[in-house]
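Peer 1: Sharing a structure below in structure tokens format, with a few things to ask.
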Amino acid sequence: MYMPVADEEIPAIVALINKAYRGNTGSGWSTEEAYLEGERTTEARLKDDLARKPSAFLLKWQEGHGDDIGGCVWLEPLDDSTWYLGSLATDPGKQNGGLGRTMLLAAEEWARERGATRMRMSVTNVGKARIS
């Protein structure tokens, strides 16, 4: 289930996102390190995003109370009915087991309960990412 991320959990969320998108663990499918370098995010960047966008929600996924954080998602209302979904990340060791799909559906429901009728996402354009 989703719960808001507490300030003291931001380092763990940053580590999770970077591990999910940049880590070469061999078990995950979402790595971007073949075409993007550096960290996906930092504590400073994430804290800045939260400060600049007070209507956004950074949520953690936990199966039960006290369990390890299994994933996270960023949800942000863009207008009365359209929300942005980003930074959907699962622990690479838990990928390929359906957790990402479960988290995506739960994120959509979470936003729908708060008025969303449309969801917007974006993905990295690999062609543009290689141009620097």
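The values are calculated or read from the model by the stated rules, or taken from the named source; none is laboratory data. Just so it is clear, the model here is predicted, and its values are computed rather than measured. Counting neighbours? That spans all protein chains shown, and the Cβs are built from the backbone with ideal geometry, glycine included. With ligands, DNA and RNA removed, areas are computed over all heavy atoms of the protein, side chains included. Shrake-Rupley method; radii C 1.70, N 1.55, O 1.52, S 1.80 Å.
Peer 1: Please go through segment 74-98 and give me each residue that is open to solvent by less than 30 Å² (accessible area, probe 1.4 Å) and at pLDDT 90 or above, ordered by number.
Peer 2: W74, L75, E76, T82, W83, L85, G86, A89, T90
Peer 1: A further question on this structure: Among all residue pairs at least 6 apart or on different chains, which show Cβ distances below 8 Å where the first residue, located in segment 1-12, is open to solvent by 60 Å² or more (accessible area, probe 1.4 Å) and the second is outside any helix (DSSP H, G or I)?
Peer 2: Here the result reads M1/W61; M1/Q62; M1/E63; P4/F57; P4/L58; P4/L59; P4/K60, each pair linking segment 1-12 to a residue that is outside any helix (DSSP H, G or I).
Peer 1: Pick from segment 45-80 the residues that are more than 16 Å from the chain's Cα centre (by Cα) and without any contact (Cβ under 8 Å) to a residue 12 or more places away in the chain: which of them is farthest from E8 (Cα to Cα)?
Peer 2: In this case the residue turns out to be D79.
Peer 1: Which condition number does T90 fail, the rest of (1) without any contact (Cβ under 8 Å) to a residue 24 or more places away in the chain; (2) over 17 Å from A6 (Cα atoms); (3) among the hydroxyl-bearing types (S, T, Y) being met?
Peer 2: The failed condition is (1).
Peer 1: Let me spell it out: the conditions are (1) farther than 17 Å from L88 by Cβ; (2) modelled with pLDDT under 55; (3) open to solvent by less than 70 Å² (accessible area, probe 1.4 Å), and G28 meets all of them except one. Which number is the exception?
Peer 2: It is condition (1) that G28 fails.
Peer 1: Another question, if that's okay. Could you please find all residues in segment 93-115 being aliphatic (A, V, I, L, M) and free of Cβ contacts under 8 Å to residues at least 40 places away in the same chain?
Peer 2: Once the filter is applied, which keeps residues that are aliphatic (A, V, I, L, M) and free of Cβ contacts under 8 Å to residues at least 40 places away in the same chain, segment 93-115 yields L99, L104, L105, A111.
Peer 1: Failed condition for A106, given (1) in a loop (DSSP other than H, G, I, E, B); (2) of a type outside the set (F, W, Y); (3) at pLDDT 90 or above, with all others met?
Peer 2: Exception for A106: condition (1).
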